[in-house]
Amino acid sequence: MTMSDYRMNTNCIHAGYRPGNGEPRNIPIVQSTTFRYATGEQMGALFDLEASGYFYTRLQNPTNDYVAAKICALEGGTAAMLTSSGQAANFYAVFNIASCGDHVVASSAIYGGTYNLFAVTMKRMGIEFTFVDPECSEAELEAAFKPNTKAVFGETIANPALTVLDIEKFAKAAHAHGVPLIVDNTFPTPVNCRPFEWGADIVTHSTTKYMDGHANAVGGAIVDSGKFDWNAHADKFPGLTTPDESYHGVTYTERFGLAGAYITKATVQLMRDLGSIPSPQNCYYLNIGLETLPLRMKQHCSNALAVAQYLQSHEKVAWVKYPGLEGDQYHAMAAKYMPNGTCGVVSFGVKGGREAASKFMAGLELASIATHVADAKTCVLHPASTTHRQMNDAELAAAGVSPDLVRLSVGIEDPADLLADIEKALAGV
């Protein structure tokens, strides 16, 4: 059997690396910046992309590639690369096909750091973004496109608004305009959602979150479905379909086909110049997390549902958002795209607004106040004061972040202990 024949739980353990006779059973950590060759001609063939191999870890490293191959298999893609953070992954994913003078359509309900990357930093680079309500009509979505649009971006489950992206709607609009849909799949992970099966073309991850799962290592990933036909829209994507004079005149779609062109270009061009590579040690940690990902996601989702149901019935809670909760605005959408569960993050408002939210968080003992989300330990945050504080009130509203919103990342502790901690904290409000 090939890896494509195995199921998710098996691939989380075995995909990406199969040791030979007498080789290490675990992925080896190749902690080396460089690799030795007998002749300059051999290394020259690597630089010309005429041979496969390693010469400098900023471009490729065996440990990193083993883990990238595993994530690629989990998402059902054809090629993948790892980056030093989720922010780097989203930047590379867009910048690989959009440059100064281009335009991108993005959902407004995205992580605050990603919004700032797009609306501020990449805007200074000359790339314009139009942000649309994920609930927009097809006509409103259509109106956001321009002749120079190069991509559409969204999050499967938005952080922290917990809106669920209608992947098929956004994919249909993107493809009608000859551009790919890029989806950040961090919260559900491929265990609970596989965006390629619903029309997405490129998937990104902050592997820092559930994939690592233990707050050990910052990282990111980009996976290409290999399905988007860059050649059919060659005029929109000259970086992929015409010779790259910065890399010996290679035309990526000709040399590597649709299955490998996008990731190869991102590696030999963007990673070469910008260098946001993860360390092999961090990739080793990531792989350890991936091996238990299905088990942890099941517990995260079960615990989060129990917490959401408890909060929903509490007199001091103004509102609760959790896609797995019956009656939630996105419950039906989640059931379509994520029938086996969504994520472990619950957003809610404490009656009394910001002050009450602060008192609640201060009263927690088991849960930590931390600028993190989606790991084994429960943590809590007030996004309007932290991760999204760079946004004004209108931008916060568009992102689905109200001033009273508390983001509770439910861990894998015993649910009875979590509920007791929450009950005690709410009693002090």
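The values are calculated or read from the model by the stated rules, or taken from the named source; none is laboratory data. A quick note: this is a predicted structure, and the numbers were derived from the prediction, not measured. Glycine also receives a Cβ, built like all others from the backbone with ideal geometry; neighbour counts cover every protein chain displayed. For accessibility, only protein heavy atoms count, side chains too; no ligands or nucleic acids. Shrake-Rupley method; radii C 1.70, N 1.55, O 1.52, S 1.80 Å.
Per-structure values
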| quantity | calculated |
| --- | --- |
| Any hit, segment 406-423, residues being touching an Asp or Glu at 6+ places or on another chain (Cβ under 8 Å), over 27 Å from Gly113 (Cβ atoms) and modelled with pLDDT of 85 or more | yes |
| Segments classed as helices (runs of 4 or more DSSP H), wholly inside segment 175-266, with at least 1 members that are closer than 30 Å to Ala370 by Cα and either at pLDDT below 95 or open to solvent by 10 Å² or more (accessible area, probe 1.4 Å) (or both) | 189-192 |
| For Ala38: the one exception among (1) assigned to a loop (DSSP other than H, G, I, E, B); (2) open to solvent by less than 70 Å² (accessible area, probe 1.4 Å); (3) among the aliphatic types (A, V, I, L, M) | (2) |
| Matching residues, segment 271-294, being in the same structural domain as Ile97 (by the TED database), open to solvent by 10 Å² or more (accessible area, probe 1.4 Å) and of a type in the set (A, V, I, L, M) | Leu274, Ile277 |
| Failed criterion for Val307 (all others in (1) of a type in the set (A, V, I, L, M); (2) open to solvent by less than 10 Å² (accessible area, probe 1.4 Å); (3) in a loop (DSSP other than H, G, I, E, B) hold) | (3) |
| Residue within segment 157-166 that is assigned to a strand (DSSP E or B) and not charged (D, E, K, R) present | yes |
| Tally, over segment 353-384, of residues that are in contact with a helix residue (DSSP H, G or I) (Cβ under 7 Å, 6 or more places away or on another chain), exposed (fewer than 15 other Cβ atoms within 10 Å of the Cβ) and hydrophobic (A, V, I, L, M, F, W, C) | 1 |
| Positions within segment 75-90 being within 16 Å of Lys227 (Cα to Cα) and either part of a strand (DSSP E or B) or among the aliphatic types (A, V, I, L, M) (or both), in sequence order | Ala79, Ala80 |
